[in-house]
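S.K.: The structure follows.
The values are calculated or read from the model by the stated rules, or taken from the named source; none is laboratory data. As the structure is a computational prediction, the values presented were derived from the model and not from experiment. A quick note on method: Cβ atoms are made from the backbone with ideal geometry, for glycine too, and the neighbour counts reach across all protein chains shown.
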């Protein structure tokens with residue numbers, strides 16, 4: 001099992017996919033309890049959802065499940081959302097606040113350090129390498145981080161999420177034109193709703209790599225799973241009929257970003 005995959009393209013756009021993997025190493029899997037083994041917080045079928053939408057995009061995809069280590073968390077363990085419920089670098093609970101480890105089996109501090117070096121660091125080394133390569137070729141790079149989540153998770157947020165939650169760290173991780181190119185198709189999509197910098201402002205990936213003054217722009221798209229699954233519950237079945245209208249909007253977003261980055265307007 002490869003820990004991560006890189007598919008190189010010649011677009012200025014890079015798709016990050018840190019949470020679609022379901023691999024749990026053999027030494028770790030037996031330590032998860034029944035709740036943990038369900039892997040319910042996976043970004044289910046995220047690779048399939050984005051497949052072929054922007055065929056020239058580079059993709060950096062983790063195959064390791066977020067319960068092993070979360071590739072979109074600060075490697076220091078600092079919370080991205082101080083004062084709010086969230087999950088950490090090596091989560092102890094699922095998104096519903098339920099324990100995921102068998103009693104006495106949660107990772108220790110030393111083990112978290114080891115997992116960070118084994119799984120988190122290599123993924124981000126690959127991502128950083130691709131950003132440098134793309135920027136060298138085009139003069140700029142746009143990192144579009146692909147995520148999905150259930151619509152309702154009371155432990156993390158009140159109410160129901162809109163279809164599209166766009167995070168740019170309150171505008172700090174990208175140029176205003178990049179934010180608009182991402183949000184405009186979502187805000188105009190018929191029968192779908194969207195928010196910019198709402199509950200989700202972008203994870204560590206967006207905040208760490210987004211340096212618009214250095215011509216590297218980062219955006220996180222948190223998409224609700226009702227927009228492409230048959231149901232937001234096991235067995236988490238992908239539905240082409242549900243997904244196709246969503247893919248059209250995502251296609252418009254990525255086409256906008258590709259066109260904007262190629263235009264020279266971000267230099």
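S.K.: Anything in region 69-92 that is modelled with pLDDT of 95 or more and more than 19 Å from the chain's Cα centre (by Cα)? List them, or say none.
M.R.: If the condition is that a residue be modelled with pLDDT of 95 or more and more than 19 Å from the chain's Cα centre (by Cα), then 92 is the only one that fits.
S.K.: Scan 229, 267 and give me the residue that is under 17 Å from residue 43 (Cβ atoms) and either touching a residue at least 40 places away in the same chain (Cβ under 8 Å) or surrounded by 15 or more Cβ atoms within 10 Å (Cβ to Cβ) (or both).
M.R.: Being under 17 Å from residue 43 (Cβ atoms) and either touching a residue at least 40 places away in the same chain (Cβ under 8 Å) or surrounded by 15 or more Cβ atoms within 10 Å (Cβ to Cβ) (or both) holds for just one of 229, 267, which is 229.
S.K.: Conditions: (1) farther than 30 Å from residue 255 by Cα; (2) touching a strand residue (DSSP E or B) at 6+ places or on another chain (Cβ under 9 Å); (3) surrounded by 15 or more Cβ atoms within 10 Å (Cβ to Cβ); (4) at pLDDT 95 or above. Residue 57 meets all but one. Number of the miss?
M.R.: Result: residue 57 fails condition (1) only.
S.K.: May I ask you to list the residues in region 180-215 that are touching a helix residue (DSSP H, G or I) at 6+ places or on another chain (Cβ under 6 Å), part of a strand (DSSP E or B) and closer than 27 Å to residue 124 by Cβ?
M.R.: Within region 180-215, 196 is the sole residue that qualifies.
S.K.: Can you tell me which residue is surrounded by the most Cβ atoms within 10 Å (Cβ to Cβ) among those in region 138-154 that are in a loop (DSSP other than H, G, I, E, B) and in contact with a strand residue (DSSP E or B) (Cβ under 8 Å, 6 or more places away or on another chain)?
M.R.: First, pick out the residues of region 138-154 that are in a loop (DSSP other than H, G, I, E, B): 139-140, 150-154.
Now narrow it down to the ones that are in contact with a strand residue (DSSP E or B) (Cβ under 8 Å, 6 or more places away or on another chain): 140, 150-151.
Values: 140: 22, 150: 19, 151: 14.
Checked region 138-154; the qualifying residue surrounded by the most Cβ atoms within 10 Å (Cβ to Cβ) is 140.
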